[in-house]
1. Segment B:6-83: which GluC sites (Glu not before Pro) are DSSP loop and have at most 11 other beta-carbon atoms within 10 angstrom?
2. Compute the long axis of helix B:118-146 from its Cα atoms, compare it with the longest principal axis of the Cα atoms of chain B, and write down the angle in degrees, 0 to 90, nearest 10.
3. Which value, in debye to the nearest 20, gives the size of the charge dipole of the protein assembly as shown about its Cα centre, when Lys and Arg are +1 and Asp and Glu are -1 at the Cβ?
4. Residues in segment B:47-71 near a label at A:Val55, defined as backbone nitrogen under 19 Å from the 7 Å Cα→Cβ point?
5. Can you work out the Karplus-derived ³J(HN,Hα) for every residue in segment A:67-81? Use 6.51 cos²θ - 1.76 cosθ + 1.60 with θ = phi - 60°, whole Hz, and x for glycine or proline.
6. So which cysteines in chain A don't have a second cysteine's C-beta under 4.7 Å from them?
7. Springs between alpha-carbon pairs under 10 angstrom, Gaussian network model over chain B: which of B:Asp90, B:Asp147, B:Asp44 fluctuates most?
8. For B:Arg234, put the label point 7 Å out on the Cα→Cβ axis and report which residues of segment B:48-70 keep their amide N under 16 Å from it.
Amino acid sequence: MVNPREAAAAVVDPEIRVITIDELGILRAVEQDPATGRVVVTITPTYTGCPAMDVIRADIRRALAAAGHPDAEVRTAYSPAWSTDWISDRGRAKLAAAGIAPPAPVRAGTVVPLTLAVRCPRCGSAETEQVSRFGSTACKALWRCRSCSEPFDHLKAL
Amino acid sequence: MTASFDFVLSLGDDALIAAQRLGEWTSRAPEMEEDIALANIALDQLGAARLLLTYAGELEGAGRDEDALAYLRDDREFRNCLLVELPNGDFAVTMAKLFFLSAYQLPLYTALAGCSDERLAAIGAKARKESAYHLDHSALWVKRLGDGTDESHRRMQAAIDEVWPYTHELFAADPAAPVDPATLRAEFDATVSAVFDEATLARPAAGWTPGGGRDGVHTEHLSFLLAEMQVLHRAHPGAKW
């Protein structure tokens, strides 16, 4: 049997398919009852209305079933609230490689951080501008590079 | 201290009805980016509504889940403020409504994040981050339209004049609640005054103060909204796709 933690951690985000739920920071805990062997996975949503949550729960259950844990339970925790600071360095590198500019660190104590210069994930230029605060998914904003003219997604700091 | 069913229901209904109204803009917004923005904000409101209505159902203890509360209540049983049920009007009216709603929800959710009801505190801590984006987005539009052309200024001023009376209901005192809405008024006033100044808009004069939403007494607009929102579930109970 595959370690349940490894099986759950390998599940990819259904809307940003280059990053795993572990790298995105939404996998909070994987616990196994030592007596019964039953696995309980705890995840947290990026945004309250994130429509990918049902797919993520199903994908986790499927991955755990394949790893020999057919009766795994997936729970959802809302506190503490997810922050983009929980995205791992490896996750940030994968986002950038996929053309999605990763978020800047969130300063403690502020709700919405100051937007620092967002670098174009294609050419690296800092000459970029926000087109819209809201993008193709709840967690992304739409930006444009003034140097190479390419539009790109930016995972907004939260 | 645990919050009351009525209080949590009123917060959930505000978010649910706001989501339904904002969703009406989908595919009809003035530009593609705004279409996506309004749909995203509607989705955030719906996400908060689901958490709040689920919790309200548990507090009530009568076996009603989020779907039963959203789809199987009539207008007199809804506890949302009148502000969210008002029609969208033109784009300026929609932005005025969203601006006032988020200028209220942000301090509300922030205060709830520190309250003694753990479930509400968790929901508040999550939702306030999203509200901050809603406030930012709507405030930008109020400034852009208010300090824009003569026509955009005229319509933005008309919009805030029209919607302003409905903001008073948001701050009706409720000392038994985990956060008394009356305590949020000062922050709301400071937020809107700063934006009005930058937008070259005049603060509406004090006038009539419609209310009743928290007691289930609504405008006729809510009934039409509910008819559209609930028809499928009522015609085909438990339908899934």
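Rule-based calculations on the coordinates, nothing more; no lab input. Everything numeric here is computed off the predicted structure, so don't read it as measured data. Here the Cβ positions follow ideal geometry from the backbone for every residue, glycine too, while neighbour counts run over all protein chains shown.
1. Passing sites in segment B:6-83 are B:Glu31.
2. 20 degrees
3. Result for the protein assembly as shown is approximately 1120 debye, rounded to the nearest 20.
4. What the label zone holds, given the 19 Å backbone N cut-off, is B:47.
5. 8, x, 10, x, 9, 5, 10, 10, 10, 10, 10, 9, 10, x, 5
6. If one checks each Cβ against the other cysteines of chain A, A:Cys50, A:Cys139 turn up with nothing under 4.7 Å.
7. B:Asp90
8. B:67-70
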